[in-house]
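For reference, the structure is listed below as structure tokens.
The values are calculated or read from the model by the stated rules, or taken from the named source; none is laboratory data. What you are looking at is a predicted structure, and each value in this text was computed from that prediction instead of being measured. Don't worry about glycine lacking a Cβ; one is built from the backbone with ideal geometry, like all the others, and counts go over all protein chains shown. Ligands, DNA and RNA are stripped out before the accessible areas are found, and what is left, the full protein with its side chains, is counted by its heavy atoms. Shrake-Rupley method; radii C 1.70, N 1.55, O 1.52, S 1.80 Å.
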Amino acid sequence: MKTITAGLGITFVLMTAMNAQAQCKFEKPTGGCVGRIEILKSGGSKPSYSAELKVTSSAGACSKVEFYVNSTPYTSIIRSSGVENESLSGTSPIKKSDIKVRKCTSYDEGDGTSSSEEAGSHFFNGTWEGQVGMFFMKAGMTLTLNVNGSAVSGGSHAHNGTGDYQIRNGHASGNRVTFDYAQPADGKTASVIITKNSSNSINYAASASGMTVSGTLTRR
């Protein structure tokens, strides 16, 4: 529990549920992600108000979402899933417009990557093709992944000519690869999570600006 008095004279209490199931290495950032915050419920009356928040990270386990409530900074630590519930209380009503996400960072999952884990990560090496998008709006993609230990490089080619990108902050751990990239249209950061789907296919999910595109890619 942490009590902070904001510059606007509002005192909030932030309570974070710490799930110890995941052994995250928060000293080892692996890339960016997309954080979202939803107010599940709020209420109260003078002089005590409260709100229940749902904090979501596109990186899933082992990530941090930094956000502001008015001018006061907070950090939600997400350990074993992509969601963490937070409780805020204070002397003024807490509204959605008061909350702004500042940053989302993913970290090493701390699973003590062994030679067998690294061998599993090498599954992602190679070139993958498929359709990626939202609902019925999808386009072809060719994705090249170069895995070296836990480091991942490579890039993507869009078949519809909307733009290609190079992988940044690529990280492989077991049956998952994470990385980010600069969107060709505006340069904003998008975060990608790739998971093994079958012996010859992977699931691709990219999140940016509150939107997620996804699809299945097969080895070429």
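Please work out if S121 is crowded, with 16+ Cβ neighbours inside 10 Å, of a type in the set (S, T, Y) and not in a strand (DSSP E or B). When the stated conditions are applied, S121 passes them.
For segment 129-166, the set of residues classified as hydrophobic (A, V, I, L, M, F, W, C), under 17 Å from A190 (Cβ atoms) and surrounded by 15 or more Cβ atoms within 10 Å (Cβ to Cβ) consists of V132, M141, L143, L145, V152, A158, listed by residue number. Selection of segment 39-87 for residues being of a type outside the set (S, T, N, Q), over 19 Å from K103 (Cα atoms) and surrounded by 15 or more Cβ atoms within 10 Å (Cβ to Cβ) yields G44, Y49, A51, E52.
For first residues located in segment 195-213 and over 16 Å from Y181 (Cβ atoms) and of a type in the set (S, T, Y), partners that are open to solvent by less than 40 Å² (accessible area, probe 1.4 Å) and modelled with pLDDT of 90 or more and lie 6+ apart or on another chain with Cβ distances below 7 Å form the pairs T195/I202; S201/L217.
Name the strands (runs of 3 or more DSSP E) wholly within segment 153-218 that hold at least 3 residues that are within 16 Å of the chain's Cα centre (by Cα) and more than 15 Å from G130 (Cβ to Cβ)?
Working: elements: 168-173, 176-182, 189-198, 201-208.
Where strands (runs of 3 or more DSSP E) fall fully within segment 153-218 and carry at least 3 residues being within 16 Å of the chain's Cα centre (by Cα) and more than 15 Å from G130 (Cβ to Cβ), they are 168-173, 176-182, 189-198.
If you check G133 against the conditions, is it in contact (Cβ under 8 Å) with a residue 24 or more places away in the chain and under 19 Å from the mean Cα position of the chain (by Cα)? Break it down into steps so the answer makes sense when it comes.
Working: in contact (Cβ under 8 Å) with a residue 24 or more places away in the chain: yes; under 19 Å from the mean Cα position of the chain (by Cα): yes.
The answer is yes for G133.
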